[in-house]
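One structure is given here, and the rest of the page talks about it.
Just so it is clear, none of the values below were taken in a lab; they were calculated from the coordinates. Everything numeric in this text was worked out from a predicted model, so none of it was measured. When we count neighbours, we look across all protein chains shown, and the Cβ atoms used for this are built from the backbone with ideal geometry, even at glycine.
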There are 2 protein chains.
Amino acid sequence: MNVKLATEIGKCLSNKPRVQILEWLKEPEKHFPPHETLKHFNDGVCVTYIQEKAGLSQSTISTYLTNMEKCGLLIMTRHGKWSYFRRNEDTIKAYTKFLI
Amino acid sequence: MNVKLATEIGKCLSNKPRVQILEWLKEPEKHFPPHETLKHFNDGVCVTYIQEKAGLSQSTISTYLTNMEKCGLLIMTRHGKWSYFRRNEDTIKAYTKFLI
DNA sequence: CGAATATATCTATAATCCTCGATATATCGA
DNA sequence: TCGATATATCGAGGATTATAGATATATTCG
């Protein structure tokens, strides 16, 4: 972790919907219905469910999630036509360690 | 800590100079000269020293520091005509706890 | 008091971000 | 293969932020 990467992460965490998404993904089963195809949450939640919960457009949420993945906050796993996103606890931990 | 406050903190941490300032203030004695009047770093560092080190204008740094104080990242102590800023470890810890 | 110094606030402009709709790409199912 | 579904990317308009200079306020000192 360094100032540059920390700043990129900070940018992701500078907007309410994105912070909210990161919070929701702490406990996906509490905030999202189980996916009709994949019954578990092992790889997180698909874009559509997050989009519906956030109430923003599909393109906006897709961009958010991609950016959060780029700076390491999220991990994406593709299953067929679905992209699942879950938290990357390693990066989050490294970031908090950097701040303290 | 809640999503709203966390987002405000995230905004402060979304810009390189501000992240850098928070890092410098971890160990003021390593990054700043001792103040000519106050010889210790108990209350942090004065605006002018931070401004010179950051290489940005006085008004910019003053605004940054004030905003960082408003969301609880920094603590300000006034000594005569100088404003000293130091980290507010309580808020920083609460923020990292919120993220994890 | 008046000058000097340190900081805060105001105002303005350029840069960046937010968010969307439109469109492109990828995958699945009939 | 074609149509439907899920996601990604592009392009644009409005909103916010970055940063500076000018000015205001507060404090010290002669």
Original post:
Pick from region A:13-25 the residues that are more than 8 Å from chain B (Cβ to nearest Cβ) and of a type outside the set (D, E, K, R): which of them is farthest from A:Thr91 (Cα to Cα)?
Top reply: A:Pro17
**OP:** Could you list, in sequence order, all residues of region B:44-75 that are among the polar types (S, T, N, Q) and touching a helix residue (DSSP H, G or I) at 6+ places or on another chain (Cβ under 9 Å)?
**Re:** B:Thr48, B:Gln51, B:Ser57, B:Gln58, B:Thr60, B:Ser62, B:Asn67
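Take the conditions among the hydrophobic types (A, V, I, L, M, F, W, C) and over 28 Å from B:Arg18 (Cα atoms) and apply them to A:Leu56. Does it pass?
Taking the combined requirement at face value, the residue satisfies it.
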**OP:** Please tell me if A:Met68 is in contact with a Leu (Cβ under 8 Å, 6 or more places away or on another chain) and within 14 Å of chain B (Cβ to nearest Cβ).
**Re:** yes
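Among the listed residues A:Gly44, A:Gly80, which satisfies the condition of being surrounded by fewer than 15 Cβ atoms within 10 Å (Cβ to Cβ) and in contact (Cβ under 8 Å) with a residue 40 or more places away in the chain? Break it down into steps so the answer makes sense when it comes.
Numbers: A:Gly44 fails: surrounded by fewer than 15 Cβ atoms within 10 Å (Cβ to Cβ).
After ruling out the rest, the residue left standing is A:Gly80.
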Original post:
Among the residues of region A:80-100, how many are more than 14 Å from every other protein chain (Cβ to nearest Cβ) and of a type in the set (D, E, K, R)?
Top reply: 2
